[in-house]
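Visitor: Let me begin by handing over the structure; questions about it come next.
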Amino acid sequence: MKHLFTTAAVLFSMTAFAQVGINNTSPKATLDITAKTTDGSKPEGLIAPRLKGNEIQSGTYGSDQKGAIIYATTAATAPNAVTINITQPGYYYFDGSVWQKVITGSVANSDLATGVGGIYKGSGSLSGNTTVTQASNTLAFTSTATNGFSVDATTLSVDAANHRVGIGTTTPSTKLHTVSSSAYGAFQMQDGSEASGKFLSSNATGQATWVNSPLTPVVFGTLNSNYITITDNKYINSNITLTKGKWLIYIGILMTSPGTPSSANNRWIRLTLGSNNSGASATQSGFTFLSSYLVSGWLAQIPSPYSYTFLSGVIPVDITNASQTLYLWTTSSVIVGTDPGASTSFFNENYLFAVPAY
């Protein structure tokens, strides 16, 4: 009799208020459940119907069941279009056509692949800085769209249909297409070889670096303007400053002898380059010689007052510093018989200049 009364009271409450309270007398919603215990002595909660994936698949669900919630205990063995998303145990809700997974804090790879949730579900916004920790896992995107992946429209655009990348454009026409509205704004490469006026050059495998331009003007050096007596290992007051790269240095120096050079009495004079303008001899720093490093010659066997000799030659160098001044030195001579003596002259025959070498 007591149970009949209680049942009648519940039915009257549902009819009168259209709300049901369990363990409470004043429900705040259509169904309001209050925990019976709060001290952990008994399990509390609401358990949805638990079905296997195949059992869910065999059920009849339509628009009338939209919003239904179940707990799948296993994945469907051979899922159809309705159960395609039931890939593992968990809660699912019916959207009127397909069972959708109730996404929790993490998204399984299988969910992303089938478009159940995560970044494939739709547009959204990050609530803060986000880091994706890949570890040894790869992250790949596949697309067939012309603007399949982009950052702020034209900042970066990947044309997956034609396998092109655009920077500053969403319609790249080559493998890499950059667009800028300002001069020198579309491309910049720095590898330590860059300098004003240089050209971009590649090796046999397509690796690039900056090299001296074939249009680079000839670089002229500073020439001696006094007579300088020739002795071994002496800076003869001529120099040239070059930028990084390979150069051919052309040297032409007029010599004169106070004596009478002959086959029996003569001096083989050698000139070279150094990175210093003082000290015991020429030293090498900030550059390397590429092959020959001397300009040499015997004194001409012509009697005074016309005993002139002109030493000329080319020394190829590779400047390894951003800029390097090279100084013209004498180095060890060979003397036959009695040294007739020699000195530099400063008439208009002398020259010191360099051109880029490739």
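The values are calculated or read from the model by the stated rules, or taken from the named source; none is laboratory data. Here the structure is a predicted model, which is why all the values come from computation and not from measurement. A quick note on method: Cβ atoms are made from the backbone with ideal geometry, for glycine too, and the neighbour counts reach across all protein chains shown.
Visitor: Filter segment 176-190 down to residues that are part of a loop (DSSP other than H, G, I, E, B) and within 14 Å of T154 (Cβ to Cβ), then give me how many there are.
Guide: Within segment 176-190, the subset part of a loop (DSSP other than H, G, I, E, B) is 179-190.
With the extra rule that they be within 14 Å of T154 (Cβ to Cβ), the set shrinks to 179-181, 185-186.
Qualifying residue count for the region: 5.
Visitor: Cβ-Cβ under 6 Å, sequence separation 6+ or interchain: first residue in segment 178-204 and farther than 25 Å from R164 by Cβ, partner surrounded by 14 or more Cβ atoms within 10 Å (Cβ to Cβ) and of a type in the set (A, V, I, L, M, F, W, C). Which pairs?
Guide: That search, which allows pairs on different chains as well, returns S193/W210; E194/W210; K198/W210; F199/V211.
Visitor: Any idea how many residues of segment 242-283 are touching a Leu at 6+ places or on another chain (Cβ under 8 Å) and either of a type outside the set (A, V, I, L, M) or closer than 12 Å to V295 by Cα (or both)?
Guide: Qualifying residue count for the region: 17.
Visitor: When the residues of segment 337-346 are narrowed to those that are assigned to a loop (DSSP other than H, G, I, E, B) and touching a Ser or Thr at 6+ places or on another chain (Cβ under 9 Å), which ends up modelled with the lowest pLDDT? Working first, answer last.
Guide: From segment 337-346, those assigned to a loop (DSSP other than H, G, I, E, B) are 337-342, 345-346; that's our starting set.
Subset that is touching a Ser or Thr at 6+ places or on another chain (Cβ under 9 Å): 337, 339-342, 345-346.
On the way: G337: 96, D339: 95, P340: 93, G341: 93, A342: 94, S345: 89, F346: 83.
The selected residue is F346.
Visitor: Hey, another quick one. Starting from segment 311-323, keep only residues that are within 17 Å of R270 (Cα to Cα), then list their pairs with residues that are part of a strand (DSSP E or B) and among the hydroxyl-bearing types (S, T, Y) whose Cβ atoms are within a distance under 6 Å, requiring at least 6 positions of separation or different chains.
Guide: So the pair list comes out as V314/Y250.
Visitor: Report yes if S332 is hydroxyl-bearing (S, T, Y), in contact (Cβ under 8 Å) with a residue 60 or more places away in the chain, in the same structural domain as Y227 (by TED's automatic domain parsing) and not in a strand (DSSP E or B), otherwise no.
Guide: yes
Visitor: Filtering segment 23-78 down to residues that are of a type in the set (A, V, I, L, M) and not in a loop (DSSP other than H, G, I, E, B), which residue is nearest to G90 (Cα to Cα)?
Guide: Among those that are of a type in the set (A, V, I, L, M) and not in a loop (DSSP other than H, G, I, E, B), it is A72.
Visitor: If you scan segment 225-241, which residues turn out to be within 27 Å of S291 (Cα to Cα) and of a type in the set (F, W, Y)? So that I can check it myself, show each step before the final result.
Guide: Pass one, segment 225-241, residues within 27 Å of S291 (Cα to Cα): 230-241.
Answer for segment 225-241, where residues must be within 27 Å of S291 (Cα to Cα) and of a type in the set (F, W, Y): just Y235.
Visitor: I'd like the residue in segment 225-245 that is of a type outside the set (V, I, T) and under 14 Å from L271 (Cα atoms) and, out of all such residues, is surrounded by the most Cβ atoms within 10 Å (Cβ to Cβ). Lay out the reasoning, then the answer.
Guide: Start the filter on segment 225-245 by keeping residues that are of a type outside the set (V, I, T), which leaves 225-227, 232-235, 237-239, 242, 244-245.
Next, from what is left, pick out any that are under 14 Å from L271 (Cα atoms): 232-235, 237-239.
Values: D232: 13, N233: 15, K234: 16, Y235: 19, N237: 16, S238: 24, N239: 18.
This residue is S238.
Visitor: Determine, yes or no, whether N321 is at pLDDT below 95, loosely packed, with under 15 Cβ neighbours inside 10 Å and of a type in the set (S, T, N, Q).
Guide: no
Visitor: Tally the residues that are in a loop (DSSP other than H, G, I, E, B) and closer than 30 Å to K198 by Cβ, restricting the search to segment 134-175.
Guide: 8
Visitor: For the condition at pLDDT 95 or above and aliphatic (A, V, I, L, M), what is the one hit in L200, L223, L215, L139?
Guide: That would be L223, the only listed residue that is at pLDDT 95 or above and aliphatic (A, V, I, L, M).
Visitor: Here's a follow-up. Give G297, G279 a once-over and let me know the one that is without any contact (Cβ under 8 Å) to a residue 60 or more places away in the chain and either of a type in the set (A, V, I, L, M) or surrounded by fewer than 17 Cβ atoms within 10 Å (Cβ to Cβ) (or both). If you could, list the steps in order and put the result at the bottom.
Guide: Working: G297 fails: either of a type in the set (A, V, I, L, M) or surrounded by fewer than 17 Cβ atoms within 10 Å (Cβ to Cβ) (or both).
Result: G279 is the single residue among G297, G279 that is without any contact (Cβ under 8 Å) to a residue 60 or more places away in the chain and either of a type in the set (A, V, I, L, M) or surrounded by fewer than 17 Cβ atoms within 10 Å (Cβ to Cβ) (or both).
Visitor: Could you check segment 36-63 and list, in sequence order, the residues that are free of Cβ contacts under 8 Å to residues at least 12 places away in the same chain and either among the polar types (S, T, N, Q) or surrounded by 10 or more Cβ atoms within 10 Å (Cβ to Cβ) (or both)?
Guide: T37, T38, S41, E44, E55, S58, G59, T60, listed by residue number.
Visitor: Here's a check for you: in segment 166-177, which residue that is in contact (Cβ under 8 Å) with a residue 12 or more places away in the chain, of a type in the set (S, T, Y) and touching a strand residue (DSSP E or B) at 6+ places or on another chain (Cβ under 7 Å) is surrounded by the fewest Cβ atoms within 10 Å (Cβ to Cβ)?
Guide: T170
Visitor: Let me ask you something else. Looking at segment 290-327 only, could you name the residues that are over 18 Å from S275 (Cβ atoms), part of a loop (DSSP other than H, G, I, E, B) and of a type in the set (F, W, Y)?
Guide: Once the filter is applied, which keeps residues that are over 18 Å from S275 (Cβ atoms), part of a loop (DSSP other than H, G, I, E, B) and of a type in the set (F, W, Y), segment 290-327 yields only Y306.
Visitor: Now a separate question. Any residue at all in segment 306-314 that is at pLDDT 95 or above, buried (at least 18 other Cβ atoms within 10 Å of the Cβ) and closer than 13 Å to I251 by Cα?
Guide: Yes, segment 306-314 contains at least one residue that is at pLDDT 95 or above, buried (at least 18 other Cβ atoms within 10 Å of the Cβ) and closer than 13 Å to I251 by Cα.
Visitor: Would you please name the residue that is farthest from T155 (Cα to Cα), looking only at residues in segment 191-213 that are surrounded by 10 or more Cβ atoms within 10 Å (Cβ to Cβ) and not small (G, A, S)?
Guide: Per the stated criteria, the residue is N212.
Residue-wise test of (1) at pLDDT 95 or above; (2) among the aromatic types (F, W, Y).
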| position | (1), (2) |
| --- | --- |
| N109 | no, no |
| A113 | no, no |
| V165 | yes, no |
| A186 | no, no |
| W210 | no, yes |
